[in-house]
Amino acid sequence: MISALVSALHVLALALGLSAVYFRGRALRGRLDADGLKRLFAADSVWGLAAGLWLVTGLLRALAGLEKGTAFYFASTLFWTKMGLFVLILVLEIRPMTTFIRWRIGLRRGALPDTSAARGLYLVNHVEMALVVLMVFVAAFMARGFGVR
């Protein structure tokens, strides 16, 4: 039962994360006034929640014996590909994360932030979205035994 629950939460994180990163991108393309920034920050917060949920449930699935077993995952080149994609997303997320933290601090101090970086962040956002979709395909093939040494 725990295995099914953790698996469901892992898939739910995908639904949350993919929709959040999509809406974050829409907010970055829209008007970044006070309301636009609220939408951006809400989507960004859900994106962060989804990433945390992916990380926790993924570690449980791979290391806690809830799924195919650690040996299966560690022997799979597609598992390592998926982990590489996840790390790449985390690295790409450093710039948006630090920028949005600065913007949030500025707003709390009563100043509208300089949002001139939004165009570049929009591009990073969409690269991350594409990488999440790619991870889904890698995971589906991995789960069916492709890439096992």
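The values are calculated or read from the model by the stated rules, or taken from the named source; none is laboratory data. All values derive from a computational prediction rather than experimental measurement. Glycine gets a Cβ as well: all are built from the backbone with ideal geometry, and neighbour counts include every protein chain shown. Calculation scope for accessible area: heavy atoms of the full protein, side chains included, ligands and nucleic acids excluded. Shrake-Rupley method; radii C 1.70, N 1.55, O 1.52, S 1.80 Å.
On C-alpha positions alone, give me the angle between the axis of helix 2-29 and the longest principal axis of the chain, in degrees, nearest 10. It is inclined by approximately 30 degrees.
Once the Kirkwood radius over Cα pairs is known for region 83-137, the Stokes-Einstein relation at 37 °C and 0.692 mPa s delivers a diffusion coefficient of 267 µm²/s. Per residue, the average separation of C-alpha pairs within less than 8 Å and at least 6 apart gives the chain a relative contact order of 31 percent.
So how do Tyr122, Tyr73 rank on accessible area, 1.4 Å probe, biggest first, that is with the largest at the start?
Tyr122, Tyr73
Think of a 1.4 Å ball rolled over the protein heavy atoms: region 73-149 then has 60 Å² of accessible area per residue.
Taking each residue as 0.36 nm, the span from Ser116 to Arg26 lengthens on full extension beyond its C-alpha to C-alpha distance by 30.8 nm. Relative to its Kirkwood radius, the Cα radius of gyration of the chain gives an Rg/Rh of 1.05. Using just the helices of the chain, give the 222 nm mean residue ellipticity in deg cm²/dmol: DSSP H runs with n ≥ 4 each add -39,500 (n - 2.57), and the total is spread over all residues, rounded to 500. Dividing the helical sum by the residues of the chain leaves -28500 deg cm²/dmol.
Ordered by 1.4 Å accessible area with all protein chains kept, Met142, Met129, Met97, Met83 run largest first as Met97, Met83, Met129, Met142. For region 41-147, the set of trypsin sites (Lys or Arg not before Pro) satisfying both a DSSP loop assignment and a count of at most 10 other C-beta atoms within 10 Å is given as Arg109, Arg144.
In the chain, the longest principal axis of the Cα atoms and the axis of helix 34-63 are about 20 degrees apart.
Of the whole protein surface, Val56 contributes about 80 Å² of accessible area at a 1.4 Å probe radius.
Using alpha-carbon positions, what is the distance between the centroids of region 82-98 and region 20-79, in Å? That distance is 10 Å. Think of region 6-149 as having a plus end and a minus end, set by charges on the Cβ of Lys, Arg, Asp and Glu; of Ala140, Ile94, Ala8, Ile94 sits farthest toward the positive end of this dipole. Highest GNM mean-square fluctuation among Gly58, Gly120, Gly48, for the chain modelled with Cα contacts below 10 Å: Gly120. Counting only heavy atoms of the protein chains and using a 1.4 Å probe, Trp54 has close to 40 Å² of accessible surface. A crude spin-label estimate for the pair Asp35 and Phe141, with each label 7 Å from Cα along the Cβ direction, gives 4.5 nm. Here the Gaussian network model covers the chain, with springs between Cα atoms less than 10 Å apart; of Val133, Val46, Val91, Val91 fluctuates the most.
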